[in-house]
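The values are calculated or read from the model by the stated rules, or taken from the named source; none is laboratory data. Not measured: the values here are computed from a predicted model. Ideal geometry is used to build each Cβ from the backbone, glycine not excepted, and the neighbour counts take in all protein chains shown.
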Amino acid sequence: MTATVTEYVCQDCGTLLRHSNPNTLESMRDVHNQLCVVKRQKTMAQQVAVPKPATPAAAAPAPAATASPPPAIPATPSTPAAGGPTTISLSGTGTSYDKVDGPIDPKFKEKRQPVGTYQGIKVWGPYDAPGQLGIWGENVCVDFDICVADGACIEACPVNVYEWLQTPGHPASEKKAFMIREKDCIFCMACENVCPPQAIKIFKKG
Ligand code: F3S
Ligand code: F3S
């Protein structure tokens, strides 16, 4: 008879986080609290001593506070979704419908070959659409054959790297977390930590 927490509302910025898995929601909340711009600004404001109100009218004007602003973390994507070239097709007659269990192989780059790009995002084979889609991404990598469209990564990402990509005909799920704004990744690792089947691997830029 335990109540399941499914929502969290940030008291500072009002952002609503939702997930059916309480553990996932807790991870999302922790990440949000670390990155919340409004929360940071409030903390900074508290740290800057507020001068007492000036009494004499002729008092020298108080200098404007010159504390440097908190580091900006974009709340909205800074990179347009429009990508680069597409050299592969999501449709086809592929019959390689083997179910693939997580986690994603962290050494896949040593074992797989790039087979092309989709809107500029690198795709690693083997690739046999629509049943076998390989691993997508260079720094933000998702094994599309493991992804079951849970969506926790999309909700958790503070900089909106992901969007849904329809993948009709794939046996694990007919949509995937597509890292279209991969270049915006700030390597917070939230998505990697919340993905239930562990389909995600983040590679920090060296
Ligand atoms: Fe998003 Fe990159 Fe974090 S994809 S969740 S900013 S690791
Ligand atoms: Fe897929 Fe995992 Fe995201 S299952 S949609 S990569 S949370």
Practice task
Could you give me the residue pairs with C-beta distances under 9 Å whose first residue belongs to segment 97-125 and is within 20 Å of LEU165 (Cα to Cα), whose second residue is of a type in the set (A, V, I, L, M, F, W, C) and assigned to a helix (DSSP H, G or I) wherever it lies, and which are 6+ apart or on separate chains?
Solution key: TRP124/PHE108
Fill in the blank from the handout: THR55 meets each of (1) at pLDDT 50 or above; (2) more than 22 Å from VAL159 (Cβ to Cβ); (3) outside the structural domain of CYS157 (by TED's automatic domain parsing) with one exception, condition (1)
Handout entry: Single residue of segment 23-48 satisfying the filter (loosely packed, with under 13 Cβ neighbours inside 10 Å and aliphatic (A, V, I, L, M)) that is modelled with the lowest pLDDT
Key = VAL48
Handout entry: Residue that is farthest from ligand 2 (Cβ to nearest atom) [pool: residues in segment 168-201 that are surrounded by fewer than 17 Cβ atoms within 10 Å (Cβ to Cβ) and of a type in the set (A, V, I, L, M)]
Key = ILE186
Handout entry: Those residues of segment 1-10 which are modelled with pLDDT of 70 or more, surrounded by 11 or more Cβ atoms within 10 Å (Cβ to Cβ) and over 23 Å from CYS185 (Cα atoms), in sequence order
Key = THR6, TYR8, VAL9
Exercise for the section: Answer yes if at least one residue in segment 91-111 is in a strand (DSSP E or B), in contact with a strand residue (DSSP E or B) (Cβ under 8 Å, 6 or more places away or on another chain) and among the β-branched types (Val, Ile, Thr), and no otherwise. Expected result: no
Problem - Tally, over segment 112-131, of residues that are in a loop (DSSP other than H, G, I, E, B) and on the phi < 0 side of the Ramachandran plot - result: 8
Problem - Single match in ASP145, ASP101, ASP150 (criterion: outside the structural domain of CYS36 (by TED's automatic domain parsing), buried (at least 22 other Cβ atoms within 10 Å of the Cβ), within 16 Å of ligand 2 (Cβ to nearest atom) and charged (D, E, K, R)) - result: ASP145
Practice task
State whether one or more residues within segment 157-167 are at positive phi and within 12 Å of ligand 2 (Cβ to nearest atom).
Solution key: no
Problem - Which numbered condition CYS13 fails, given (1) surrounded by 13 or more Cβ atoms within 10 Å (Cβ to Cβ); (2) within 21 Å of CYS195 (Cβ to Cβ); (3) modelled with pLDDT of 60 or more; (4) touching a helix residue (DSSP H, G or I) at 6+ places or on another chain (Cβ under 9 Å) - result: (2)
